[in-house]
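The values are calculated or read from the model by the stated rules, or taken from the named source; none is laboratory data. These numbers were taken from a predicted model, which means no experiment stands behind them. Please note: Cβ atoms are built from the backbone with ideal geometry, for glycine as well, and neighbour counts cover all protein chains shown.
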Amino acid sequence: MAFAESQNPLRVYRIPQSRYIDAVRWLSPVSPSDRFAAIAYFDADTNSPSIEIAYVDPNPQSSSPTLTPQSSWTSHSRISSLRTAHSTPQPLLAAATFSGSLHILASDLINGGVMESEATVSQLGFHSGPVSAVDLREGGTECVSVGEDGRVNLVSFVGDSSKLNYRRIFDSNGLVGYTAVKWASPSEFATGGYGFGIQWWDQRTPGGPVLQFKGNWCQGKTSGIVHSIDIHPSRKHTCLAGGSSGTIFAWDRRAAQQPIVLSGAGTGEASNSLLSESEVWEVQYDRYTRRSNIGNISSTRILPVMICSEDGILAVIEQGEEPLELLAEPCAINSFDIDRQNPSNVICSLEWESLAILTRS
Amino acid sequence: MNPSSTFANPLENPNAFRLHSLIYWQKEMPGVSSDSARGALVPLSPESPAAAVYPLRHGLKSPISRLSISWSRGNSLRVSVFAAPSSDGSVNDGDGGKVVEVKLGGGDGEISEAHWRRMAYGSVSPFALLQSRKNAVSSLSKMSMNSSPYDGDWWDYIMEYSKDINALLVNKKTASVPVLDDPKSVITKGEEPTSLKAAWELLEMFYAEKPSHSWLPERLVDWLADYDSLFSGTHPTVHSKLVDFQKELVNLQVVEDDPKYWEVMSSALAVGWLNIVVKMLRLHGSYRLDQLSNRETENGLVEAVAVLISKMPRMRLEHEAGKLGECYKAKPDFVKAWEKWRGQINKLDSSAFWFQCAHQQTREGLRSMLQIMLGNANSLCSATYNWIELYISHFLYMRPLTVGLESMYSLAQKSIQLKPMASAHRLMGLIIGILGENTEVVLAECLKGFGPWMVAHAIELLTAGSDHAEMLLHEERQNLGGISIEELHRLVYAQVLSSFPLTWQIAPIYLISCMKHGMVLLQILLSKQPVQDNQLLLKSIEICRLYELHSVTSNIMKIAGVHHWKHGRKGSGFFWLQQARDEYRLNRIALQLFDSVGKTISDESFKQWEGLIQLLGSDSKTAGGLEFLHKYRDFKKSLRQIHDGKATDSARQAVESLISLMKSPSMPQRFWLPLLYDSLKLLNWKERPLLNVSQTNLLLNKLQELSMARLRPDFIESELPPRALNSVRLALGTNLGRAILEE
């Protein structure tokens, strides 16, 4: 296993928060030097969950970056999934809760990052039980939410109605549970669930998934749950997924039912170095690459991927290469986000009530 | 572990009932007898009041009918108060009940809950590292019998551990050092000291630093300089006098006229805060340029004392940069310098210049400072405010060569006699315990003053170099249920960690270091974790994987499976039962699933089933009794296509599926008839018989078996029209005839 420190300078700052962090995301900055992050907290002492916008000063006088809270929004239930839309000047946040509601928040970063709840869906029947994942479409007018109850809902928020309406795209009545979701295009998205299954949906073809990547492909070996999906805008035919037993795989829709396993279960080959044996909580394509042009990479090759795991690993994996370990913490890394504008910056949340900010250079 | 008790309502005041304190209720641990007082886990202090009564506000208007008390997270009690239903049946606001959380004990005032958790998180890695090094050292020493396990790198390991833990105890960020040195600021405020850090540093200097006890007195001098302020709350201290004087200093025009100025300087000198004393001396009015000429002698005396103070010989390794005093490492050098220094003081004391000093306060103040430096017992006693300060002043000016814990202890006893204290600060108790070389007292003081975290981590230091302490703490004791004191305290700490939702995950680190009961308690801990949330569930399973607790894993998965199933998340429930390889429950839910498949597999619901059936896989081991669902789905699919009008090919496929279903051993008998009834269309296929002779015979045999089974009392009749059996029998008969003809 290669360690990042030896190859390129990596600065890591750990900032204790004294509160549990359920999710963390970068917000798209107003000016190039600004850094804002949205953090979903859970205060165990007072039992109160909240979302805060914090200004991240990456280069203050003191040696480590500082977080300055800008505004806070109190939630009635813990946040199960948090996403931000990047292309709007006033960034939108979509927050799903364990009690089955969805909140759209808008933050005005120019005027001190004031956060307002734009709209809320909490009707009975939206989801029964927790919303397990949510994703905002780029451009931020639509949001898809999935749950283990087997419901797939589409929430559109054009206009300023405070009560959102949602459309049920599918309801499996609990026969299939979904644990991850990601938009691929304005009409298509992918969901993930049990048994490492992935479903491909197209709003133009209603009534169910248009394509299914069969679960349980690692026959006989331990199966697992997909925790996170990512789709690269230039490679929409490929779904990247991370889940149980350190499994990171990609499903190329053109190649039918054969997964491309980057690490973990079901490989059975020694050539695939095992990065982690525990849950991979999040996967994202790593846009920070040493190669100048990703267009040069063959379209069948999987682009570099960043992952975080329960056993405290934050690493970058490239197909056929040794994984590059960025962090090896004594506790779990539950979520991370790569800054879109400046992909050298990574923020991640650690199990022991702290945040870590990484700067690659 | 979750005691709940209910009380009837003998309460005279319905609005504020009294909760009799349960603070002294002991959390009982499995395997530890609690019937005798000796079995008590935490020693009860007899001087505590027997019962405390606290009113509890619950805000209920109507009288209380029932009360339920249970443990909540950590040290909190959850009290559920149920109101009596109102007699006239009307519904009022405030009816029903209230749940109140009662926190027992405010915890440690100087350390917040969040900081406490940060310490708990931070101490995991040093603790785990030390344990693994200990194991390595002990296995090494087993191999080579004669070498002592405690040499070489051992002390480095202990010191590294102690430093790592110590670094966690810093309460706040260090205050920024002012750029401009204020001449009138005599004490600088650094980081906020905490008793916990002070206690850890005491343990570190006495147990972890490679035993070179000749430096201990000087280490204690430094320690008091850092932590004297901690005693200010309960005792008068030099520090608090300094702080008071600092406030007055701003308004003082002529400091040397104020008797407090001299008093405070003598006190600071007595406890060895040389820099502060010299700085204060330089505030003396004789240094002012306009007065220098007519107070020349006076100024000379002040300066002479200041120089003597800054030249004080110290028996220590080195000083922090900028600290006054001269260090000597070797005893002979020190003794020589010491004698010379005292000679200079004596000479100054008996000089004639004092008669030329006109300022009375200066003359008396300086000469009393000289008495302190000469080690005058009365001067030291009156300059210090509590026994620790007196003790330190004795080290500095009377017995700088004190070596060995025994003589340090007797000196401490003497100091306490001279300055008895009404109430003991928790740090004072700890110091006495350490000096008295009584490991049990040290442990008890740690527990009483600083709680289970301190004890669990301090034991590592206590056992580091002392064979006696190691024997004492590692010996298995009958009255503790066969465990050692060390294990007991680790278990107690793990128990505390387990009771908080954010820290339970680090309890396993401590539990597995407990040889006797650790593993069992770990299994109990993991089995008790909630299964509702996948993320938490997977975190528990990960811990099971690390410690190879496979049976616990499968139990947790079974619980999760049933939970999800009951809440209608059939896919999730099915997945977890499948992961647990729980064939019994899979078979049970298969029956339920089959019922709903029969009812709901229609055109529009097919996609719902598709995902679940794919999850089943075709491997019979992981599918439990559900593999037939796969075939049943195929059968239904083909049947449906016949309805759609697709002809014989689909019908043939349907027959294939039917036969393999009927052959399948996992296919429950009660579904045979419904299945055959569904297939009537195939049996009566118009164009030609679809089933050959042997196939038809198989089905007829099954039908016969079914008729026999119907006579048994436990047979479950399917919800079909009463003529169903006959029509199937007739169709099969007809088909048999046609098939024979065809062949």
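Things to note:
- Taking the criterion of being within 14 Å of chain B (Cβ to nearest Cβ), of a type in the set (A, V, I, L, M, F, W, C) and not in a strand (DSSP E or B), the residues of segment A:161-197 that qualify are A:LEU175, A:VAL176, A:PHE196.
- Number of the exception - B:ALA464 against (1) hydrophobic (A, V, I, L, M, F, W, C); (2) farther than 18 Å from B:THR439 by Cβ; (3) out of contact with any Leu (no Cβ under 9 Å at 6 or more places or on another chain): (2)
- Among the residues here, B:GLU460 does not qualify as under 18 Å from B:LYS134 (Cβ atoms) and either in contact with a Lys or Arg (Cβ under 7 Å, 6 or more places away or on another chain) or part of a loop (DSSP other than H, G, I, E, B) (or both).
- Residue match in segment B:697-717 (condition: acidic (Asp, Glu), at pLDDT below 80 and either assigned to a helix (DSSP H, G or I) or within 23 Å of B:ALA590 (Cβ to Cβ) (or both)): yes
- Residue check: B:ALA321 meets all listed conditions (1) over 53 Å from the mean Cα position of the chain (by Cα); (2) outside any helix (DSSP H, G or I) but one, namely (1).
- Number of residues in segment A:119-153 that are of a type in the set (D, E, K, R) and touching an Asp or Glu at 6+ places or on another chain (Cβ under 9 Å): the value is 2.
- Odd one out for B:SER527, checked against (1) within 13 Å of another protein chain (Cβ to nearest Cβ); (2) surrounded by fewer than 19 Cβ atoms within 10 Å (Cβ to Cβ): (1)
- Which listed residue is exposed (fewer than 14 other Cβ atoms within 10 Å of the Cβ) and either within 14 Å of chain A (Cβ to nearest Cβ) or at pLDDT below 70 (or both), from B:ALA128, B:ALA175: B:ALA175
- Hey, B:ILE543 within 14 Å of another protein chain (Cβ to nearest Cβ), within 17 Å of A:SER245 (Cα to Cα), surrounded by 19 or more Cβ atoms within 10 Å (Cβ to Cβ) and within 19 Å of the chain's Cα centre (by Cα) or not: yes
- Scanning segment A:64-78 for residues that are farther than 12 Å from A:ALA38 by Cα and of a type in the set (Val, Ile, Thr), we see that the one that is nearest to the chain's Cα centre (by Cα) is A:THR74.
- Residues of segment A:127-147 classified as in contact (Cβ under 8 Å) with a residue 40 or more places away in the chain and within 14 Å of chain B (Cβ to nearest Cβ), total: 6
- Hey, A:LEU350 buried (at least 21 other Cβ atoms within 10 Å of the Cβ) and of a type in the set (A, V, I, L, M) or not: yes
- Residues of segment A:172-202 classified as surrounded by fewer than 24 Cβ atoms within 10 Å (Cβ to Cβ), touching a helix residue (DSSP H, G or I) at 6+ places or on another chain (Cβ under 8 Å) and within 20 Å of A:GLN257 (Cβ to Cβ), total: 1
- Residues that are more than 22 Å from A:GLU277 (Cα to Cα) and hydrophobic (A, V, I, L, M, F, W, C), drawn from segment B:525-544: B:LEU525
- Taking strands (runs of 3 or more DSSP E) as the structural unit, those lying wholly within segment A:12-123 and holding at least 2 residues that are more than 15 Å from A:ASP337 (Cα to Cα) and more than 14 Å from chain B (Cβ to nearest Cβ) correspond to A:48-57, A:66-74, A:92-97, A:102-108, A:114-121.
Conditions (1) in contact with a helix residue (DSSP H, G or I) (Cβ under 8 Å, 6 or more places away or on another chain); (2) surrounded by fewer than 20 Cβ atoms within 10 Å (Cβ to Cβ); (3) within 30 Å of B:ASN166 (Cα to Cα), marked per residue:
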residue	(1), (2), (3)
B:ILE187	yes, yes, yes
B:LEU230	yes, no, yes
B:VAL250	no, yes, no
B:SER293	no, yes, no
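- Checking B:LEU283, B:LEU269, B:LEU301 one by one, the residue that is among the aliphatic types (A, V, I, L, M) and either modelled with pLDDT under 90 or not in a helix (DSSP H, G or I) (or both) is B:LEU283 and no other.
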